[in-house]
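J.: Take a look at the following structure, please.
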Amino acid sequence: MCEMETMKINVHFPGLSTAKGNLFQWSVSAFLLLIPILVSAQSADKSRWNSMIGSAYTDNRSYALLQRICDEAGGRTMGSPANEKAMSILLEGLGSIGFEARKEEFTAPGWIRGAEEAAITAPFQRTLRAIALGYVDKHAAVEAPVVDAEYGFEESYQAIDASGKIVLVTQQAPPGKTPLLRLEMIENAARHQAKGILFINDRNGTLTLEGMSNFEGKPSLIPAYSITSEEGKWIERLLKNGEMVRVRLKTDSYCAEAHTANIVATLPGESKRKIVVGAHFDSWDMGQGAVDNGIGSAILFDVARLMKIYSSNNRYTVEFVWFNGEEFGLWGSKKYAEMHASDDIAVMVNMDMTGTPTGFNAMGYDEFIPFLKTLASGLDGFELKGGVVSQPSLSSDHQSFMLCGIPVLSLQAHLDEDMGKYYHEMGDTFDKVGKRYLSDAAAIVSVLVSELANDRSVNTHHRTAKETVELMKKFKLDDRLKKMKAWNFTEQ
């Protein structure tokens, strides 16, 4: 943003001294001379905005890249051949727009899905539509009676004997209570010596829900599977009617160390202080990862293209990062934060399942609110009805930066129902994504990043550990972080 100094203009009235009159004439003359410069600077800014926004639509490159990643690689879990293929497509694309992108390699706890089996064996035979959760290690066939533990709370086990049984739990929100994380439900079931656990999806439509059994990369305490809402409720009804239901579970999936990488492309600035703009490009394996998070990865690609063409000479360095392993526990962003701990990172902008922008989120870093409001007011052609909010969240790559004290920003955005419906499911495919969503987001994010890369108005700073703890507590995020075993602060 342009920084304009305020000039004092002394107005001359009859009776004032000649000296003051001369001062008035000089001040007005100087101001009038500055007007073309100020107008030129403002026009240059708006001209850059208009060029970036226009190119986001007329020269959209993100849609074709997304199609290649979805169709040629498909679901791309960290460390898988599909993930490697997606990286090669992205690196090729970045080369075509003038970036010498690089891999920043790391190792992390990985997981490979193998053949799976889940079936009702009594009171009738039926193969269930079910999938193992991440980090469920290979196990021999487990067959046992099923007991209903409802929402999975500890008190639910007071009325049942779970020892040697397979526990059934629902992922619907419990009335008047905060839902447990799946890892907490697994811990409760294991503590009561259950042999396995079935999670009933809370969404109808014969959908399962891929996800993690824990965020530490450790083998699951017991076999844990996601089943559909329809089949889960069927089992619930049978149990309530006094039927004895038996289920058989087996998987060849296994835990293994993953050797993988983030992809980084850098646009040098006058200063080494940098803006990090990130999106994760790994996904779950059942679908193509088009919405989660193919769209974020593709939008980031077009933002890099637009910055390279229209905003290449900036005050701050801009680093575009495609994180790996987000779905398995934010491994890529954790590793990046560790590797770049000594870097001067002003702010991190995260894009995860980013649709058509409806506003900005200062994520609790309120020093950015005036900047974002000014930016939003200059984008009248977009329907940013959400305005500017300041509400931090967890469980995406920005979390790794927040916990290091680095300010983060994100967008408020809209996705059509059909785009969100297949979250972590096989229906998350390229055909769900419209090109307009990518152009809308690339247009606004490129303007945001260009302005951040040249801004002098925001007095931002890294938070100390104490300040970070206070921020997490202010927004009641500390308890969830502790449950996720991501709380590494020593509180006094």
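The values are calculated or read from the model by the stated rules, or taken from the named source; none is laboratory data. No experiment lies behind these values; they were computed from the predicted model shown. Cβ: placed from backbone, ideal geometry, glycine included. Neighbour counts: every protein chain shown.
J.: Quick check: is even one residue across the stretch 193-210 in a helix (DSSP H, G or I), more than 29 Å from the chain's Cα centre (by Cα) and either aliphatic (A, V, I, L, M) or at negative phi (or both)?
T.: no
J.: Taking the criterion of being hydrophobic (A, V, I, L, M, F, W, C), touching a residue at least 12 places away in the same chain (Cβ under 8 Å), within 25 Å of LYS334 (Cβ to Cβ) and surrounded by fewer than 22 Cβ atoms within 10 Å (Cβ to Cβ), would at least one residue in the stretch 110-126 satisfy it?
T.: The answer is yes, given that some residue of the stretch 110-126 is hydrophobic (A, V, I, L, M, F, W, C), touching a residue at least 12 places away in the same chain (Cβ under 8 Å), within 25 Å of LYS334 (Cβ to Cβ) and surrounded by fewer than 22 Cβ atoms within 10 Å (Cβ to Cβ).
J.: Scanning the stretch 131-176 for residues that are surrounded by fewer than 22 Cβ atoms within 10 Å (Cβ to Cβ), in contact (Cβ under 8 Å) with a residue 40 or more places away in the chain and within 28 Å of GLU326 (Cβ to Cβ), which turns out farthest from the chain's Cα centre (by Cα)?
T.: HIS139
J.: Sticking with this structure for a sec: Report yes if GLY278 is surrounded by fewer than 24 Cβ atoms within 10 Å (Cβ to Cβ) and not acidic (Asp, Glu), otherwise no.
T.: It is false that GLY278 is surrounded by fewer than 24 Cβ atoms within 10 Å (Cβ to Cβ) and not acidic (Asp, Glu).
J.: If we scan the stretch 211-223, do we find a residue that is free of Cβ contacts under 8 Å to residues at least 12 places away in the same chain, under 23 Å from the mean Cα position of the chain (by Cα), surrounded by fewer than 18 Cβ atoms within 10 Å (Cβ to Cβ) and assigned to a loop (DSSP other than H, G, I, E, B)?
T.: no
J.: Return yes or no: is PHE360 crowded, with 19+ Cβ neighbours inside 10 Å, farther than 21 Å from ILE299 by Cα and among the aromatic types (Phe, Trp, Tyr)?
T.: Here the answer is no, as PHE360 does not meet what is asked.
J.: Condition test on HIS414, is it within 19 Å of GLY75 (Cβ to Cβ), under 16 Å from the mean Cα position of the chain (by Cα), in the same structural domain as LEU300 (by TED's automatic domain parsing) and at pLDDT 95 or above?
T.: Criteria not met by HIS414.
J.: Continuing with the same structure: Would you pick out the residues in the stretch 472-492 that are loosely packed, with under 12 Cβ neighbours inside 10 Å and of a type outside the set (S, T, N, Q)?
T.: The answer is LYS474, LYS476, GLU491.
J.: Can you list the helices (runs of 4 or more DSSP H) found entirely within the stretch 333-445 that contain at least 2 residues being hydroxyl-bearing (Ser, Thr, Tyr)?
T.: By residue number, 369-377.
J.: Here's a follow-up. Assuming TYR437 fulfils every condition listed in (1) hydroxyl-bearing (Ser, Thr, Tyr); (2) under 26 Å from ASN201 (Cβ atoms); (3) not assigned by TED's automatic domain parsing to the domain that holds GLY269 apart from one, which condition is it?
T.: It is condition (3) that TYR437 fails.
J.: Then there's this: Taking into account only those residues within the stretch 92-109 that are in contact with a strand residue (DSSP E or B) (Cβ under 9 Å, 6 or more places away or on another chain) and buried (at least 19 other Cβ atoms within 10 Å of the Cβ), which is nearest to LYS218 (Cα to Cα)?
T.: Residue satisfying both the conditions and the ranking: PRO109.
J.: Got a number for residues in the stretch 317-333 being charged (D, E, K, R) and either under 17 Å from THR77 (Cβ atoms) or surrounded by 24 or more Cβ atoms within 10 Å (Cβ to Cβ) (or both)?
T.: Within the stretch 317-333, residues that are charged (D, E, K, R) and either under 17 Å from THR77 (Cβ atoms) or surrounded by 24 or more Cβ atoms within 10 Å (Cβ to Cβ) (or both) number 2.
J.: Identify, from the list VAL458, VAL469, the residue that is surrounded by fewer than 24 Cβ atoms within 10 Å (Cβ to Cβ) and free of Cβ contacts under 8 Å to residues at least 60 places away in the same chain.
T.: VAL469
J.: Same structure again: Return the only residue of LEU403, LEU409 being in contact with a helix residue (DSSP H, G or I) (Cβ under 8 Å, 6 or more places away or on another chain), touching a residue at least 60 places away in the same chain (Cβ under 8 Å), buried (at least 16 other Cβ atoms within 10 Å of the Cβ) and more than 27 Å from GLY54 (Cα to Cα).
T.: The match here is LEU403.
J.: Identify the single condition in (1) under 27 Å from ARG315 (Cβ atoms); (2) surrounded by fewer than 21 Cβ atoms within 10 Å (Cβ to Cβ) that LEU372 does not satisfy, given that it satisfies every other one.
T.: With respect to (1) under 27 Å from ARG315 (Cβ atoms); (2) surrounded by fewer than 21 Cβ atoms within 10 Å (Cβ to Cβ), LEU372 is out only on (2).
J.: In the list GLY364, GLY359, which residue meets the criterion of being under 21 Å from ASP455 (Cβ atoms) and free of Cβ contacts under 8 Å to residues at least 60 places away in the same chain?
T.: GLY359
J.: Has the stretch 225-248 got any residue that is touching a residue at least 12 places away in the same chain (Cβ under 8 Å), assigned to a loop (DSSP other than H, G, I, E, B) and within 22 Å of the chain's Cα centre (by Cα)?
T.: The answer is no, given that none of the residues of the stretch 225-248 is touching a residue at least 12 places away in the same chain (Cβ under 8 Å), assigned to a loop (DSSP other than H, G, I, E, B) and within 22 Å of the chain's Cα centre (by Cα).
J.: Now for a different question. Within the stretch 403-442, which residues are touching a Gly at 6+ places or on another chain (Cβ under 8 Å) and closer than 30 Å to LYS466 by Cα?
T.: The answer is LEU411, GLN412.
J.: So, one more: For the stretch 437-492, give me each residue that is under 27 Å from SER47 (Cβ atoms), out of contact with any Asp or Glu (no Cβ under 6 Å at 6 or more places or on another chain) and not hydrophobic (A, V, I, L, M, F, W, C).
T.: Result: TYR437, SER439, ASP440, SER446, SER450, GLU451, ASN454, ASP455, SER457.
J.: Does the stretch 272-298 hold any residues that are in contact with a Gly (Cβ under 7 Å, 6 or more places away or on another chain) and either among the acidic types (Asp, Glu) or not assigned by TED's automatic domain parsing to the domain that holds LEU91 (or both), and which are they?
T.: The answer is ASP282, ASP285.
J.: Within the stretch 256-269, does at least one residue satisfy the condition of being within 30 Å of GLU143 (Cα to Cα) and in contact with a Pro (Cβ under 7 Å, 6 or more places away or on another chain)?
T.: yes
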